[in-house]
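Here is the structure we will look at, set down as structure tokens.
The values are calculated or read from the model by the stated rules, or taken from the named source; none is laboratory data. Owing to the predicted nature of the structure, the values given are computational and were not obtained by experimental measurement. In this analysis, Cβ positions are derived from the backbone assuming ideal geometry, glycine residues included, and neighbour counts consider all displayed protein chains.
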Amino acid sequence: MKTLKLLLALFMLVGLGACSDDDDGGNGTAEANRIVGEWKMQSMSIDGEAVPISDCEAQSRVIFKTNGNLTSTDFFEEIDSEECISEVTNESWQYRGNNVYRFSDGTDTYDVEVLFSNNNNRFSITEIDDDFGTFTVVWVRV
């Protein structure tokens, strides 16, 4: 895996179809706002095996705002030139309760379980992909 695109697709764009019209759990609660702030990727593994993150990819950041918006600045290496380039995307987030956050990019909406540790200064997301295996991505507060 050379680019962060696959990782960010896992974190932000993997559609998890299990969406419903349940109560949002309250974005204003302390539990919901654990995710508010700036985060950088610390590590990634596939099927339990560590996947190296390049210096370029390590510059990627996600900023969750209290108003329910998020900005993701993704850095990745261009395949042909290996030049480090960035791409900014904007989405919205909503806390659903029980560690589940709902993300929407304006087209797709999906729910993701986010597990916090280290006094809420670290979170991980684990997903199973039929083609690529079990991904775990760990983010730390900047």
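This table checks each residue for (1) assigned to a strand (DSSP E or B); (2) surrounded by 14 or more Cβ atoms within 10 Å (Cβ to Cβ); (3) β-branched (Val, Ile, Thr).
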site: Arg96; (1), (2), (3): yes, yes, no
site: Thr107; (1), (2), (3): no, no, yes
site: Val112; (1), (2), (3): yes, yes, yes
site: Ile125; (1), (2), (3): yes, yes, yes
site: Asp131; (1), (2), (3): no, no, no
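Do we have any residue at all in the stretch 52-59 that's closer than 21 Å to Asp105 by Cα and among the polar types (S, T, N, Q)?
No, the stretch 52-59 contains no residue that is closer than 21 Å to Asp105 by Cα and among the polar types (S, T, N, Q).
Looking at the structure I just gave you, is Ser81 free of Cβ contacts under 8 Å to residues at least 12 places away in the same chain and either surrounded by 11 or more Cβ atoms within 10 Å (Cβ to Cβ) or hydroxyl-bearing (Ser, Thr, Tyr) (or both)? First the steps, then the outcome.
On the way: free of Cβ contacts under 8 Å to residues at least 12 places away in the same chain: yes; either surrounded by 11 or more Cβ atoms within 10 Å (Cβ to Cβ) or hydroxyl-bearing (Ser, Thr, Tyr) (or both): yes.
Spelling it out, Ser81 is indeed free of Cβ contacts under 8 Å to residues at least 12 places away in the same chain and either surrounded by 11 or more Cβ atoms within 10 Å (Cβ to Cβ) or hydroxyl-bearing (Ser, Thr, Tyr) (or both).
Among Glu87, Glu113, Glu83, Glu91, which is at pLDDT 95 or above and over 23 Å from Val142 (Cα atoms)?
Working: Glu87 fails: over 23 Å from Val142 (Cα atoms); Glu113 fails: over 23 Å from Val142 (Cα atoms); Glu91 fails: over 23 Å from Val142 (Cα atoms).
Unique residue meeting the criteria: Glu83.
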